[in-house]
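To start, the structure itself, in structure tokens.
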């Protein structure tokens, strides 16, 4: 509108100064429009995995970006419901970052299309692009405290056996006279190392079993949230545990890997695998 008014004034009053100002502003607008578009041109993106979270939190997706042969300045990136990230890169520079996306219920989550937009250099125009990287993550049930473990949770059941009896391998120590030759680590001896024996820890003596049959009064999602709470509680107490779900079984174990496997099993229950 301003340019139109300036043009009318220049024509009406035959004012060369107004003509010059009008054409200068038109040139600035055209140059700004080209730079706004070029700021997005040539950016290379690739998916680099995701971070699983609990229902109600924001999931995080890793991306790797590479700038083209020109700088990338102030490019906005965001997934639906996620936090905006402003990206600036030098020519041909690379960067790995995490973008958040809002998640709802437990199960498989797809963040949708990634929106990139630019207002560089003057904020007069907006250029945007949508990219579908096909990312997904698993959303764990939201832990809900309550209830107590039935007496049957203390039963050792028929869990997997490790080492001797209900023991799990925990490391090696130097052989001393009187130790059982059945636990000698012959593989280390063959490599020329000192004679060592395998050490095991009892994983069933203080272990618990988490079963789907507990708390039958709860619906599916509430029961999963209760099991999720007990997985985290047993982890905080450093107690080994196993878990039985419809169609799957996790043998007794402990540590971060055991917890991750249990949470993933709870997230996947009744869900279709990603394509």
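Quick note: the coordinates plus some simple rules give every number you see, no bench work behind them. Keep in mind it's a predicted model, so treat the numbers as computed, not measured. All Cβ positions, even for glycine, are placed from backbone atoms using ideal geometry, and neighbour counts span all protein chains on display.
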Stretchable slack from residue 193 to residue 85, in nm (0.36 nm times residue separation minus alpha-carbon distance): 33.6 nm
Using a Förster distance of 35 Å, the FRET efficiency for residue 92-residue 30 (Cβ separation, nearest 0.05): 0.80
At R0 = 22 Å, FRET efficiency that the Cβ-Cβ distance of residue 133 and residue 57 yields, to 0.05: 0.60
Sorted peptide list for 27-33, 97-103, criterion being average Cβ within 10 angstrom, highest first: 97-103, 27-33
